[in-house]
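See below for the structure under consideration.
Any read-out appearing in this document is the output of simple, stated calculations on the displayed coordinates, not a laboratory observation. As the structure is a prediction and not an experimental result, all values here were calculated from the model. Glycine gets a Cβ as well: all are built from the backbone with ideal geometry, and neighbour counts include every protein chain shown.
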Amino acid sequence: MFSRILRHEWRLLSGDATLWLVTAVCAAAIGYGVWNGARWVRFQQQAIADASAEQAKRYDALQTQITALRQPGASVSPFADPRNPSSLGGRLGPKYATLPPAPLAALAIGQSDLLPYYFKVSTDARENIVSTTEIENPNRLLAGRFDLAFVIIFFLPLLILALTYNMVSAEQEQGTLALVLSQPVGTGTLVRGKVAVRATVLVGVLVVLAGAALLITGVNLTAAGAVPRLLMWIVAVTAYAAFWFGLAVCVSSLGQSSTANATILATTWLALVVVAPSLFNLIATSFYPVPSRVEMVQAVREASDEANKEGSKLLARYYEDHPELATGDAAQAMTDFNVVRVAVNDDVENRVRPVVQRYERQIAAQQQTLDRLRFFSPAILMQSALNDVAGSGVDRHRHFISQLDAFHAQWRAHFVPLIFAKARVTSLDTLPSFTFVEESTAVLWGRVGTGVMALLLPSLALAWFGFRRLRRYPVAG
Amino acid sequence: MISRIARKEFLELTRDGRYRILAGVVLVLSLLSLAVGWNNYSSLSKQHETAQAATRTQWLAQDKKNPHSAAHYGMYAFKPKSQLAMVDTGIDPYVGVAVWMEAHKQNDFKFRPAQDRTAVQRFGEMTGAEVLQVLLPLFVVLMTFSAFTAEREQGTLRQLMSLGVSPRMLALGKAAGVALALAIVLVPATVLGVVAFMWTTESGLLAGDAGRVAWMIAVYLVYFATLIAIGLAVSAATRSSRVSLLVLLAFWFANSLLATRAAADLAGALHPTPSAVQFQRALEEDLSDQQAVAQRLEVRRAALFKEHNVDHVDALPIAFSGISLQEGEEHANEVFDEHFGRLFNLYEQQNRVLQAAGMAAPMLAVRSLSMGLAGTDFNQHRDFVAAAENYRRDIQRVLNADIAANQKKGQVYLADRSLWEQVPEFEYTAPPTQWVLGNYITSLIVLIAWFAASAFVLFRSTARLQVD
């Protein structure tokens, strides 16, 4: 019986213009979304390539200069001298730390247009390094991008609701429901059949179209990590679709008219997808407001004023903390500008750290609040899952920043002893370099899996409730 | 007759439980967004004012030092909050809040508040503007979609027409009824908004920004009138409430959610933004053009020699180092003007695409106008960037002129507080309302055109109303 309902529903659905319209709209939206994502990925890759080309060119020039300075009689100002470790580690020889787009980054632009993906790392203070950004028209950042994630989060539920809002009520309104139910079939089985056909067709169309769009736009699906990510994406999208189908079944079971169903479903969609995220964001930012960074700017300023005033006193203290750096002529080093600067920078960072941490604590508290509230909005759950899969979310970025911090520390650890020893750098080959280490797939599955479970549980609950109620569905108006 | 139809429509709407719930929700959200907007504005503007005063104090408290050291120490400019940002935060979360004004360099504005938020921010902020641009239009859709179709389905339309009511009357009456029902939500929110606005104005009056407030109210009123007309027109033209609702929901989705993204992408595709790497490299190449600096210096030196009738630098009555520093600044200023000018013009080109796209989606026109009037659009950001940059250049001029006048050859020259005080305080006045409106002529025309077109379509579709 079930298979007969399936066949019948499929015949009805494929005969209806709605399905083809939905498929066409879907294809256009998905194609455009993936193309847009792929374009942005290419832009990022180009920027990273430009950065490394710039670095290579600069290093060639520095190496040439070092070689030239080996000639007797050659001279250069100490600020422009690449052999001077202070100049090289600071202004002349900074190296890029870059976050390459993940294999399926084209699936969701996420936060990648806002959070910088390359930094020029030098011995400079951390806050100066991480405060650089990619340039972009703020209006475009505000609007967000039309990517596949947008299509899925906002549009897919509407398509599902358009295909399902009247699946029972229309039969009742046309009077065909009584006819169908006169056969040996329950309302539950009938609706199961209707949902099965619609869900299979919609999710199938979505996955096939998205896969095709990825291939056409030249996304390499054989890259390391691409296949598990693609699997995660399919699982997450299916779970999200399941939620909306569950909701549609639940609302259908209430026995209202088609128009009433449409109104209820549209309002629910609005509440969950549009209102809830903004409202939750409002709650998180109101309970844990992040003060304007102007306060931090002022704190850094005050700290460096004081540190500069203390200057040589700080250096003495620095030597106490780092006795291994004290060379024989410490007295002369006291007057050495570069050495004092190391101590001053170090002191400024120590003074500023609590201020920076206050910001980080507030942001973390916001994130925590939203991590809890997201269970009330499938849209937020889906956003974080899609960002995770595409590697364009905050978690992968935080992973990058922690590696950046480690590299920054390594860079300093390389140069500070040279500065103190007043050594000359003769070769650039020994300088540390940055390579991004990708998050493990297991960690990723863990995060995406939580989101998927959080979507599946309410879907099951909604469907269970709906099917229970459907048993008592009024057959005739 | 119109008033009777309006009364009937109004009563029918307000007696509906669904209307009451929705109106209550929208009202609560408007008030909530206003309260939060007001709170954010007050705390942020205080933080920014305090910081701006502190940076001045630090500047004045500098020890004796060479003026060029002071130039490197520099000052900060913090972007002041515009008052109407409490209603529409516009691009504020996506532009930096502070710029360091130092010698030789036009720095970027740093610290975008959005970077201190979670990814959920990207769903949009719950501001007054969000409520007005996204939620209220949907509310209008739900209030209008069945205005004609339900009467047709119930058979009352035939009766109504048999009374000889003119279709135009009917359309106007229904529009007035919906508008009244909408006013129940809008009026209290607006009144409270204006009161909150006056509360934060120091003089307690609306003062200079009254024009902006009035224009903003007018823009939204025209927009809602347009939406009511569109809703009624669709309801009159479609066969059933179901179709009417689907058409209007599709329009709402395309207009309120899809259009902004699609238009922003289109703008980016038509006028691509360069990457920071590209921008920086081009900028640095031009900045380090030693030949241009040397040429400039040569011209200046020759002019000075002629003016003072001498033939070598040491014979000049002024220190050439000050002149040379200033010439370096002048060269850099030209380069900055060219590069930042090009980048900002590019953004403006992109924004013009957004304005033009208003022809396809009226929300885009309203969005641009709203941001502009709130003082949180790109043009006004650019205006502040330019003011800060001009101030930075003024600082350099004062300091370099002092070096030229007082530096003696072979001596260490140290200036003191009296010089720091010669640098005037940084003051910024936001541009007037006319200037803002001038930037958004396109959006204004587009909005009025949408209003006219929707009114026309409404009258057309009611004139051809089918009774069953």
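For region B:402-463, the set of GluC sites (Glu not before Pro) satisfying both a DSSP loop assignment and a count of at most 16 other C-beta atoms within 10 Å is given as B:E425, B:E427.
Could you tell me which trypsin sites (Lys or Arg not before Pro) in region B:55-88 are loop residues by DSSP with no more than 12 other beta carbons within 10 angstrom of their beta carbon?
Numbers: sites: B:R56, B:K64, B:K65, B:K81; in loops: B:K64, B:K81.
The qualifying sites are B:K64.
Extension gain for the segment B:K408 to B:H72, taken as residue separation times 0.36 nm less the Cα-Cα distance, is 118.9 nm to one decimal. Positive end of the dipole of region B:2-463 (Cβ unit charges, origin at the Cα centre): among B:G410, B:A53, B:Q133, the Cα lying farthest that way belongs to B:Q133. Straight-distance candidates among the aspartates and glutamates for linking to B:K65, with alpha-carbon spacing under 15 Å and chain neighbours fewer than 8 residues away dropped: A:D305, B:D402, B:D416, B:E421. Mind giving me the nanometre distance, one decimal, between the label points for A:E302 and B:R18, set 7 Å out from Cα along Cα→Cβ? The modelled label-to-label distance comes out at 5.7 nm. Partner shielding of A:270-277 amounts to 5, given as the average count of beta-carbon atoms from other chains within 10 Å of each residue beta-carbon. Residue-wise HN-Hα couplings along region B:277-287, as the Karplus relation 6.51 cos²θ - 1.76 cosθ + 1.60 with θ = phi - 60° gives them from phi, are 4, 4, 4, 5, 5, 4, 5, 5, 4, 5, 5 Hz; Gly and Pro carry x. Relative contact order, whole percent, for region B:145-271 stands at 47, derived from Cα pairs under 8 Å and 6 or more residues apart.
Taking a straight line from the alpha carbon of B:K306, these aspartates and glutamates sit under 16 Å away, with near neighbours fewer than eight places off in the same chain left out: B:E298, B:D314.
Charging the Cβ of each Asp and Glu at -1 and of each Lys and Arg at +1, and nothing else, the dipole of the protein assembly as shown about its Cα centre rounds to 3640 debye.
Report, in debye and to the nearest 20, how large the dipole of region A:1-150 comes out about its Cα centre when Lys and Arg carry +1 and Asp and Glu carry -1 on their Cβ. Don't skip to the answer; put the middle values down first.
On the way: 15 positive and 12 negative charges, 59 e Å.
Computed about the Cα centre, the dipole is about 280 debye.
Model label points for A:A423 and A:K57, set 7 angstrom from Cα along the Cα-to-Cβ axis, are 3.1 nm apart.
Calculate the mean, over all residues of peptide B:34-42, of how many other protein chain Cβ atoms lie within 10 angstrom of the residue's Cβ. If you can, show how the numbers build up before the last one.
Values: counts 0, 1, 4, 1, 0, 2, 4, 0, 0.
Whole-number average of other-chain Cβ neighbours for B:34-42 is 1.
Hey, rough spin-label estimate for B:D311 and A:R7, points 7 angstrom out along Cα→Cβ, what's it come to in nanometres? The modelled label-to-label distance comes out at 11.1 nm.
Counting charges near A:L190 (Lys, Arg +1; Asp, Glu -1) among other residues having Cβ under 11 Å from its Cβ returns a value of +1. Taking the centroid of alpha carbons for each part, region A:213-233 and region B:372-394 are 44 Å apart. When you restrict to C-alpha pairs under 8 Å that are six or more residues apart and normalise by the size of chain B, the relative contact order lands at 26 percent. Peptides B:414-420, A:96-102, B:287-293, B:402-408 ordered by packing proxy, namely the average of other Cβ atoms within 10 Å per residue, highest first: A:96-102, B:402-408, B:414-420, B:287-293. Taking the charge dipole of the protein assembly as shown about its Cα centre, with +1 at Lys and Arg Cβ atoms and -1 at Asp and Glu Cβ atoms, the residue from A:V452, B:A183, B:I2 reaching farthest to the positive side is B:I2. Shielding of peptide A:386-398 by partners, expressed as the average count of other chain Cβ atoms within 10 Å per residue Cβ, is 1.
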